[in-house]
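Since the structure comes first, as structure tokens, the remarks are kept for the end.
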Amino acid sequence: MKLAIRLALILSLFTACSLRADSFIEPEIFINQKIEVFGLAGIPWESEYSHDEERARAWMDALHHAYEKILSLPLMEGKLVRHVMQTNAALKERLGLVLMSAPKYFQQADASGLIRCRLELPLTGKLSVRSALYLAAMRPQPLQPVSFLASWSAGLKVDENAPAPDFKRIIVDVRGSSFEPSLFPRFFDQTGMLIFQESMVPSGERFSRPAVRFESDIRKARAELEENETMTAAAYVSALSRRDISIDHADTDVFARFCRELIRNPLQEREIVIVFTPGASTPRGKLGKTEAKVEAEEKTKTPAVK
């Protein structure tokens, strides 16, 4: 009995921690392609203190907040960054390098004596959150030879002689679904074959610029290009996998040929823009409130004694 109670407590704690981590999402991070945090320091109750030392404390406070936000970011379907930190010891090393090299901006102390430090971490680029996670994840491991990201050689087979589409941007409109953005979204066909994930781009030019972007406004997704330079692909999102996108059968071929050209020449002006509705996802791990039962007291009448 005691063992069963302990197992139930452990399971409840684990489930609560998992739901808490999985429910964290800030769409602005993916739309702006950066993490922005603030750190505080200062000794307002003392008249004299070391300004440089308090600036350093504010920077360290910002680093702690930034690291916690990175851990809570959705990596891909079914995984947050914190879930894969134990798969490769180099992840902390690479993320530490990104954190230490992130640009920081200090504000002058206000009337209360507080010093603020603003830290910006780019999601994309050669020295960014996504590049650090990818490079560390793909480093060979003796106990885990298969990476949690897609292999560049995997995916849907495309006819090599088929020409690449002329348009420069594919727009995937999933505003009517409960789509959730992630660092490495995956695109599948209707049979479950992987069409594209950004890890399939060759390592030489990977993350030089984002191959997949996120927008909440369809007008911004079509901006700066002519009508014949864009295509809107029909797609849907499953209720069981909100971070994966399935391309409709009618657009699978042209989408696959576009992605093949994006993999071959990643420095060309080709990109995929996902248009979604921020905050449209259903909260996970929360059950609806049950109505309180009204217990009616039944009055039993005692039979009259004759």
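For chymotrypsin sites (Phe, Trp or Tyr not before Pro), the sites in the stretch 28-129 that DSSP calls loop and that have at most 14 other Cβ atoms within 10 Å are W45. Sum up the charges of everything whose Cβ sits under 12 Å from the Cβ of I263, counting Lys and Arg as +1 and Asp and Glu as -1, but leave I263 out. It works out to a net charge of +2. Measuring between alpha carbons in the structure, the pairs from K126/K220; K104/K126; K69/K157; K34/K157; K126/K168 lying more than 29 angstrom apart are K69/K157; K34/K157.
Other residues within the sphere of radius under 14 Å centred on the Cβ of L119, judged by their own Cβ, net out at +3 (K and R +1, D and E -1). Taking Cβ atoms as reference points and 11 Å as the exclusive limit, the residues near G39 contribute a net charge of +3, counting Lys and Arg as +1 and Asp and Glu as -1. For the stretch 21-141, rounded, prolate or oblate, judged on the Cα gyration tensor with a ≥ b ≥ c (square roots of eigenvalues), a/c < 1.5 rounded, else prolate if a/b > b/c? Verdict is prolate for the stretch 21-141. In terms of its alpha-carbon gyration tensor, the stretch 149-280 comes out rounded; the largest-to-smallest axis ratio a/c stays below the 1.5 threshold.
All of the numbers you see were taken from the coordinates with simple rules; none came from a lab. Keep in mind it's a predicted model, so treat the numbers as computed, not measured. When we count neighbours, we look across all protein chains shown, and the Cβ atoms used for this are built from the backbone with ideal geometry, even at glycine.
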